[in-house]
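Input: a single structure, listed below in structure tokens.
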Amino acid sequence: MKIGFIGLGNMGSGMAANLIKAGHDVTVYNRTLAKAQPLVKQGAHAASQIADACRGDVVITMLADDTAAESMVLGDGGVLKNLPEGAIHISSSTISVALSERLTGAHAKAGQRFVAAPVFGRPEAAAAAKLFIVVAGEPGAVDFCLPLFEVMGQETFRFGEKPSAANLVKLSGNFLIAAVIESLGEALALVGKAGVDQRHYVDFLTSTLFAAPIYKTYGGILVDKKFEPAGFAAPLGFKDNRLVLAAAETLRVPLPLGNLVRDRFLTLLARGGESLDWSAISQLAAEDAGAA
């Protein structure tokens, strides 16, 4: 399949590499052109402008936030103006529900198809094609894209025909991950201050009551305090928390924990944690306890 891939950050690079490995004809674009070079060496074509990545059956965007997505898709020279009629835009970015709905309408008006396919997994999962992919969109368009999802992830979950449903699922999932990080950080501060070995504690939790990937992954990161280099930077965690609160406000759904986590991210960023992994909010509980 002829594919364009826009956005070659920590996640996008791994995803694009797996499409190349699977034999697809991939053209890659990134604002920082040097980021395309490792993929060119693997067989990709480098695009000097967005239009060059929009000449195939599908274009995939993996961008940091709403601002980047709006610019790349809706801006002058963007995806919307260059994607052929009938072609598909897959947005794997974590964007707001409101922007997803706007993109759905804009692509439909242009005779194009839009599929939301945000992903769960850190950069190492993207590189290993172990992502969990959440998809929503017109059934025929989603069916057409399934072979691509199969080479980028380990499992694909469909959430109906409305693309923004997949974006809401992604935001709610990231809210849950942040809540786990916060609660685990509080528990570790508690047992750590009492002199309990934190690594042994996490090993106990993740082999019994909390034998889930999220606890295993972040339990190790929190005990090791491995917050750099960031797999998912704190400003992005703050952004996603803000977006889930916006969606909740629109739907009139209170998220008390969401507001608590928001303040944790704000505190971390106020203290200079811009470059840290979002899991660094866990250390605030230890600081509050005088045990950092």
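Could you say which residue among Val180, Val134 is closer than 30 Å to Ala106 by Cβ and of a type in the set (Val, Ile, Thr)?
Val134
Scan Glu161, Glu155, Glu150, Glu182 and give me the residue that is among the acidic types (Asp, Glu) and out of contact with any strand residue (DSSP E or B) (no Cβ under 8 Å at 6 or more places or on another chain).
Glu182
Take the residues in the stretch 245-259 that are out of contact with any helix residue (DSSP H, G or I) (no Cβ under 7 Å at 6 or more places or on another chain) and hydrophobic (A, V, I, L, M, F, W, C); name whichever of them is surrounded by the fewest Cβ atoms within 10 Å (Cβ to Cβ).
Leu251
Give the number of residues within the stretch 263-284 that are crowded, with 19+ Cβ neighbours inside 10 Å and assigned to a helix (DSSP H, G or I).
Within the stretch 263-284, residues that are crowded, with 19+ Cβ neighbours inside 10 Å and assigned to a helix (DSSP H, G or I) number 10.
Asp25 - would you say it is modelled with pLDDT of 95 or more, closer than 16 Å to Asn82 by Cβ and of a type in the set (D, E, K, R)?
no
Out of all the residues in the stretch 129-139, is one or more closer than 23 Å to Ala64 by Cβ, touching a residue at least 60 places away in the same chain (Cβ under 8 Å), part of a helix (DSSP H, G or I) and assigned by TED's automatic domain parsing to the domain that holds Ser92?
No: zero hits.
If Val115 meets every condition in (1) under 20 Å from Leu8 (Cα atoms); (2) assigned to a helix (DSSP H, G or I) apart from one, which number is that one?
It is condition (2) that Val115 fails.
Does the stretch 60-83 include one or more residues that are at negative phi and part of a strand (DSSP E or B)?
yes
Which one of these is over 25 Å from Met62 (Cα atoms), touching a residue at least 40 places away in the same chain (Cβ under 8 Å) and not hydrophobic (A, V, I, L, M, F, W, C): Arg264, Arg271?
After applying the criteria, what remains is Arg264.
How many residues does the stretch 179-216 hold that are without any contact (Cβ under 8 Å) to a residue 60 or more places away in the chain and either of a type in the set (D, E, K, R) or part of a helix (DSSP H, G or I) (or both)?
Final tally of qualifying residues: 19.
Can you work out which of the residues in the stretch 17-53 that are in a loop (DSSP other than H, G, I, E, B) and under 21 Å from the mean Cα position of the chain (by Cα) is farthest from Leu74 (Cα to Cα)?
Across the stretch 17-53, the extreme among qualifying residues is Thr32.
Please enumerate the residues belonging to the stretch 217-253 that are free of Cβ contacts under 8 Å to residues at least 40 places away in the same chain, in a helix (DSSP H, G or I) and more than 18 Å from the chain's Cα centre (by Cα).
Those that are free of Cβ contacts under 8 Å to residues at least 40 places away in the same chain, in a helix (DSSP H, G or I) and more than 18 Å from the chain's Cα centre (by Cα): Gly219, Gly220, Val223, Asp224, Ala248, Glu249, Leu251.
Just give me the residues in the stretch 216-244 being more than 19 Å from Leu276 (Cβ to Cβ) and surrounded by fewer than 19 Cβ atoms within 10 Å (Cβ to Cβ), in sequence order.
Lys216
The values are calculated or read from the model by the stated rules, or taken from the named source; none is laboratory data. Note that the structure is predicted; figures quoted are calculated from it, not measured. Neighbour counts run over all protein chains shown; Cβ positions are idealised from the backbone, glycine included.
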